[in-house]
Amino acid sequence: MTFRAAAMLALAATVLAGTSACLGFDAGGEESTPFAASQAPPSPTGTPAKDEFVAALRRTHAAPYRFTVESPLPEGGTVKAAGAFDPVAKLFEATTTITGTGNAQDGTRHRIVIAKDSYQREEPDKRWIHLDLSRIAEDNPLLYFDTADPTGLAKFAANVTSVQRATDGTYSGTVDPYVKGPGFLPIGAPSIVTLGMGKAPFKATTDTQGNVLTITIELSPTGKPKLSMTTTLTDHGKPSTTKPPKSSLVDEADEMYYK
């Protein structure tokens, strides 16, 4: 395994530090289980609008979809990501591009996950690094990857604290990243990890079938401009066409990553 390959794997798990928020590539965190909307129990202390919106999040999470994400970064620069998730076929892919930071984080990185097989590469390198996720412990903060909830919709649904419905299909509310799991405000890939920021406002839209179309989350880092991350979800219910890279272009991760 080349030094570049080893560095790429480490870079894919690094975090961009901000004053009160940071951004990590390809959402990880505690394991989640896919669920259909019919399995979503009503919130005991919720409201009709909250129950309706959470059911829409869970319905969307249970079927394939494509996503795009765009956000400024705490210390300058921007991040854009696009990909697809198919919970039925257990397929995930994402391309993440960071620009304008003026440091090593700038660049484009690709990730494909098929069941427990993860493949990553960083442009302009054409070779991929394969990592066996079944050998990665859940308490490994750098390499663990939540294959059941890679875009964070399930955790986002669990962390919604209040919802108001403005019109049919238009919602606003707050989300608390500390309700379930670590301080993690997930949506899309990459995802914002909050540090002591408390609840954050969001706005969202759904279609007439109850699929979530957009989610915009606003964070207010101390002494920094507000961050507005927008995720757009499309192609609801369409099976993913994600395929693994050609075997001739794949290198195995070093054994050190499994220790």
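FYI, it's all coordinate maths here, none of it is from the lab. If you're wondering where the values come from, they're calculated on a predicted model, not measured in any experiment. All Cβ positions, glycine included, derive from the backbone under ideal geometry; neighbour counts span all protein chains shown.
Per-residue 3J(HN,Hα) values for region 217-234, derived from phi via the Karplus relation 6.51 cos²θ - 1.76 cosθ + 1.60 with θ = phi - 60°, read 10, 10, 10, 10, x, 4, x, 10, x, 4, 9, 10, 9, 10, 10, 10, 10, 9 Hz in sequence order (x marks Gly and Pro). Listed by chain and number, the lysines whose alpha-carbon sits under 29 Å from that of Lys199, ignoring those within fewer than 8 places in the same chain, are Lys50, Lys80, Lys155, Lys180, Lys224, Lys226. For region 193-259, the antiparallel share of DSSP beta bridges with both residues in that region comes to about 100%.
With the cut-off at under 16 Å, measuring from each backbone N in region 133-163 to a point 7 Å along the Cα-to-Cβ line of Lys259 picks out 136-137.
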